[in-house]
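The values are calculated or read from the model by the stated rules, or taken from the named source; none is laboratory data. Only a predicted model underlies this, so the values are computations on that prediction, with no experimental measurement involved. We place every Cβ from the backbone using ideal geometry, glycine too, and count neighbours over all the protein chains shown.
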Amino acid sequence: MLEFRKKMKYNLEVTDIRDVTPLVRRVTLKGDLFAEVPPCQAGQWLKLFLPSAGSQVTRAYTIRRHFPQSARVEVDFVRHDHGPAGRWVERAWVGEQIGCSALRGGFQPQDDAEWMLLAADETGTPAVMSILESLSPRDRALVVLEAASLSELQAVDSLATVNCEWYFRDEHPAGSNLLLEGIKRLQLPSGIGQFWIASEAQAVNEVRDYLTETCSIQRRLVRGKGYWMRGVADHRDRD
């Protein structure tokens, strides 16, 4: 087992691996960190310390679900043939030991928001799903999700009133900003809305600009997260 650096806070064990869709692999991790109650806040994330070519790399991942009674969490990985995290999840095995940082971030509902809009590609979909599962019956959410194809469709589970639209890249020209196109097609409700977007960094910037400049949405109501950047390894987002 690798000797992890001091910045690692916790040890984790892989307890289950399964494919949610052809391109999304769900890994269940167990560790003392996750025995804490109350459960993780929706949208919380951590840094995973993953083995790579005899060394280690750190990558940020959102907690998809938290099971404090069994000290476990689920983390969804997008499967691809490049990058250390992509390579690791293809060969990960039950019983393997990795490490992680402390939990960070989380979705913060705006007190004055009457509804919300959530938009994401595959990298942000786990956060969107966890947010939706945290909502109450009095909440209302519009959701725009991007994925590679219809085979990547995932069920939405929420007590809130949810209108979810999926856009698939194999049905559109390459390079299209499908989140922006989907949001432009929406009839936004009246009242104050909260906006949360996570995707490729440039796509997020375009959506943010559209909302704040064209739609005159207050900047404080728009949270954009560039989870990755085309051509850049281990992109660090700055909202």
> When you scan the range 191-207, how many residues do you find that are under 12 Å from Leu179 (Cβ atoms), of a type outside the set (A, V, I, L, M) and surrounded by 22 or more Cβ atoms within 10 Å (Cβ to Cβ)?
Replying inline: 3
> Going through the range 59-84 one residue at a time, which ones are more than 12 Å from Val14 (Cβ to Cβ) and either touching a Cys at 6+ places or on another chain (Cβ under 7 Å) or crowded, with 20+ Cβ neighbours inside 10 Å (or both)?
Replying inline: Tyr61, Thr62, Ile63, Arg64, His66, Asp76, Val78
>> Suppose the filter is among the charged types (D, E, K, R), more than 20 Å from the chain's Cα centre (by Cα) and outside the structural domain of Gln41 (by TED's automatic domain parsing); does Asp157 pass it?
In response: no
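From the list Leu118, Leu180, Leu153, which residue is closer than 28 Å to Val73 by Cβ, among the hydrophobic types (A, V, I, L, M, F, W, C), at pLDDT 95 or above and touching a helix residue (DSSP H, G or I) at 6+ places or on another chain (Cβ under 6 Å)?
Selected residue: Leu118, the only one of Leu118, Leu180, Leu153 that is closer than 28 Å to Val73 by Cβ, among the hydrophobic types (A, V, I, L, M, F, W, C), at pLDDT 95 or above and touching a helix residue (DSSP H, G or I) at 6+ places or on another chain (Cβ under 6 Å).
If you go through the range 94-104 one residue at a time, do you hit one that is buried (at least 19 other Cβ atoms within 10 Å of the Cβ), among the β-branched types (Val, Ile, Thr) and within 19 Å of the chain's Cα centre (by Cα)? Lay out the reasoning, then the answer.
Applying the first criterion (buried (at least 19 other Cβ atoms within 10 Å of the Cβ)) to the range 94-104 yields 98-100, 103.
Next cut, among the β-branched types (Val, Ile, Thr) only: 98.
Then keep just the ones that are within 19 Å of the chain's Cα centre (by Cα); that gives none.
The answer is no; no qualifying residue exists.
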>> Given the condition without any contact (Cβ under 8 Å) to a residue 24 or more places away in the chain, within 21 Å of Ala201 (Cα to Cα) and surrounded by 13 or more Cβ atoms within 10 Å (Cβ to Cβ), answer yes or no: does some residue in the range 113-130 qualify?
In response: no
> Mind checking whether some residue in the range 192-201 is over 15 Å from the mean Cα position of the chain (by Cα), not β-branched (Val, Ile, Thr) and not in a strand (DSSP E or B)?
Replying inline: no
